[in-house]
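Asks: After the structure tokens below, expect a handful of questions from me.
The values are calculated or read from the model by the stated rules, or taken from the named source; none is laboratory data. On a predicted model such as this, the values are computed, not experimentally measured, just so you know. Cβ placement follows ideal geometry from the backbone for every residue including glycine, while neighbour counts extend to all protein chains displayed. Accessible surface areas use protein heavy atoms only, side chains included; no ligands, DNA or RNA. Shrake-Rupley method; radii C 1.70, N 1.55, O 1.52, S 1.80 Å.
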Amino acid sequence: MNKYLQQLVNLSQIDQKIDNYAPRIESINRNLQLKKDEIATIDENIEKVDTEISELKAQIANTNSHINEFNAKIKDISKKSSAVKSEKEIKALNLEEDLAKDQLEAANEEIGRLERIIDSKNELKTELEQKKSNAQSVLDSLNSEVADELKAIENERSKIYDQKEKLLADMNQKVLTFYEKIRKWAKNTAVVPVRKQACYGCFMKINDKTYAHIIKSEDITTCPHCGRILYKETIEE
């Protein structure tokens, strides 16, 4: 294979490896972010439950205030009962007392209902806190794994960059400029193999004359359809 063509094939493969690091790193960080988002959602739910519990406690305090009023009213009615003389006044006070007692009973039942809701909210909060604890343990483990993975990728990427720098130092500038021009639009398919007499960039069939040049590999040949640099794959590749 022509020296310059071989360099372009090598450079294209190196660039592909370099470009593949970004999605790998993104995938690693995405898993980490998903777990962070999960914990943030749990925190929001815990905060919501705390707010609901505070509101329920405020309702209980307000209902207790009414209970005190009802109790005071019942005592007041009891005092008045001893002073009244007419049957009509007695009936009126009894009716007022019955109403106050009904209100007192309803208020006590409401407090019981609110306390049961608070108990269920506290149970939910406990479950959420346990879920957060488990998620945090997973996150801590992920942080450690991600740090190791990113370090390994960085070491690997550093070696690839070294290979690229050495290769670039030995390449013809015009050939390199030609490659970069194609790479601007073709990305990692700037240099592609020919298989079954077809360009593996645009998948169009190559005419016999162009295919013969590619097989000889004496010059840099581009696809007559898309303009990508072509080369004939070896058995090893």
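Asks: Return the whole-Å distance between the Cα centroid of the range 1-64 and the Cα centroid of the range 166-180.
Replies: 38
Asks: Given the options Asn188, Asn62, Asn31, state which has the largest fluctuation in a GNM of the chain using a 10 Å cut-off (strictly under) for Cα springs.
Replies: Looking only at Asn188, Asn62, Asn31, the largest GNM fluctuation is found for Asn62.
Asks: While we're looking at this one, here's another question. Divide the volume of the convex hull of the Cα atoms of the range 35-138 by its number of residues and quote the answer in cubic angstrom per residue. Don't skip to the end; give the middle numbers.
Replies: Details: hull volume 6.9 nm³, N = 104.
Convex hull of Cα atoms, per residue: 67 Å³.
Asks: Based on DSSP, what percent of beta bridges with both residues in the chain are antiparallel, to the nearest 5?
Replies: 55
Asks: Quote to one decimal, in nm, the extra length available between Thr51 and Glu233 on full extension: 0.36 nm per residue of separation minus the C-alpha distance between them.
Replies: Full-extension gain reported as 58.8 nm.
Asks: Rank Ala107, Ile117, Leu139 by how far each Cα sits towards the positive end of the charge dipole of the range 18-143 (+1 on Lys, Arg Cβ; -1 on Asp, Glu Cβ) and give me just the farthest.
Replies: Sorting the options by dipole projection puts first Ala107.
Asks: Hey, with R₀ at 30 Å, roughly what FRET efficiency would Glu129 and Asn62 work out to, going by the Cβ-Cβ distance, to 0.05?
Replies: 0.60
Asks: Could you state how much accessible area Glu52 has, in square angstrom rounded to the nearest 10, with a 1.4 Å probe and all protein chains kept in place?
Replies: Using a 1.4 Å probe on the heavy atoms, I get roughly 50 Å².
Asks: Bin width 5 Å, alpha-carbon pairs only: give the P(r) of the range 90-152 as whole percents, running from 0 to the bin holding the largest distance.
Replies: Percent of pairs per bin, in order: 4, 14, 9, 10, 8, 8, 8, 6, 7, 5, 5, 4, 4, 3, 3, 2, 1, 1, 0.
Asks: Take the Cα radius of gyration of the chain and divide it by 2.2 N^0.38 Å, with N its residue count; two decimals is plenty.
Replies: Details: Rg = 40.2 Å, N = 237, 2.2 N^0.38 = 17.6 Å.
Here the Cα radius of gyration is 2.29 times the empirical estimate.
Asks: Follow-up question, since we're still on this one. Give me the accessible area per residue for the chain, probe 1.4 Å, as a whole number in Å².
Replies: Values: 15540 Å² over 237 residues.
The answer is 66 Å² per residue.
Asks: Let me see the P(r) profile for the range 157-210: every Cα-Cα distance counted, bins of 10 Å, each bin given as a percent of all pairs.
Replies: 21, 36, 33, 11, 0
Asks: Given points 7 Å out from each Cα along the Cα-Cβ axis, report the Ala72 to Glu156 separation in nanometres with one decimal.
Replies: 7.6
Asks: Further question: If I model a spin label as a point 7 Å beyond the Cα along the Cα-Cβ vector, how far apart are those points for Lys88 and Asp148 in nm?
Replies: With each label point 7 Å from Cα toward Cβ, the separation is 9.3 nm.
Asks: Still on this structure: What is the ratio of the Cα radius of gyration of the range 11-85 to 2.2 N^0.38 Å, where N is its residue count, to two decimals?
Replies: 2.87
Asks: Express the carbon and sulfur contribution to the solvent-accessible surface of the range 79-198 as a percent, rounded to the nearest whole number, probe 1.4 angstrom.
Replies: Working: 4290 of 8480 Å².
The nonpolar share, carbon plus sulfur, comes to 51 percent.
Asks: State the dimensionless ratio Rg/Rh of the range 108-226 (Rg: radius of gyration of Cα atoms; Rh: Kirkwood radius).
Replies: Checking Rg against Rh, the ratio lands at 1.48.
Asks: I need the P(r) histogram for the range 70-118: all alpha carbon pairs, bin width 5 Å from 0 out to the longest distance, whole percents.
Replies: 5, 21, 22, 18, 12, 9, 7, 4, 2, 1
Asks: List the residue ranges in the chain for DSSP H helices whose C-alpha atoms run 18 angstrom or more along the long axis and whose Kyte-Doolittle average is -1.0 or above. Don't skip to the end; give the middle numbers.
Replies: Values: long enough: 3-81 (117 Å, -0.80); 87-169 (116 Å, -0.97); 173-186 (19 Å, -0.64).
Span-like helices, by this rule, are 3-81, 87-169, 173-186.
Asks: Quick one: pull the percent of accessible area on the range 1-63 belonging to carbon and sulfur, 1.4 Å probe, ligands and nucleic acids left out.
Replies: Using a 1.4 Å probe with all protein chains present, the range 1-63 comes out at 47 percent carbon and sulfur.
Asks: Once amide H atoms are placed 1.01 Å from N in the peptide plane, what residues at a sequence separation of 5 or more from Thr221, or on another chain, have their amide H within under 5 Å of its amide H?
Replies: Leu230
Asks: Report, ordered by chain and residue number, the lysines lying within cross-link reach of Lys151, taken as a straight Cα distance under 17 Å and ignoring same-chain residues fewer than 8 apart.
Replies: The reachable lysines, counting only those whose Cα sits under 17 Å from Lys151, are Lys17, Lys159.
Asks: With a 10 Å cut-off between alpha carbons and a GNM built on the chain, which of Lys88, Lys131, Lys101 moves the most?
Replies: Top of the fluctuation ranking is Lys88.
Asks: Running a GNM on the chain with Cα contacts under 10 Å, which residue among Lys75, Lys216, Lys17 ends up with the highest mean-square fluctuation?
Replies: In this elastic network of the chain, the residue with the biggest mean-square fluctuation among Lys75, Lys216, Lys17 is Lys75.
Asks: Below 21 Å, Cα to Cα, which lysines can Lys88 reach? Residues fewer than 8 away in the same chain don't count.
Replies: Correct list for Lys88: Lys73, Lys75, Lys79, Lys80, Lys101.
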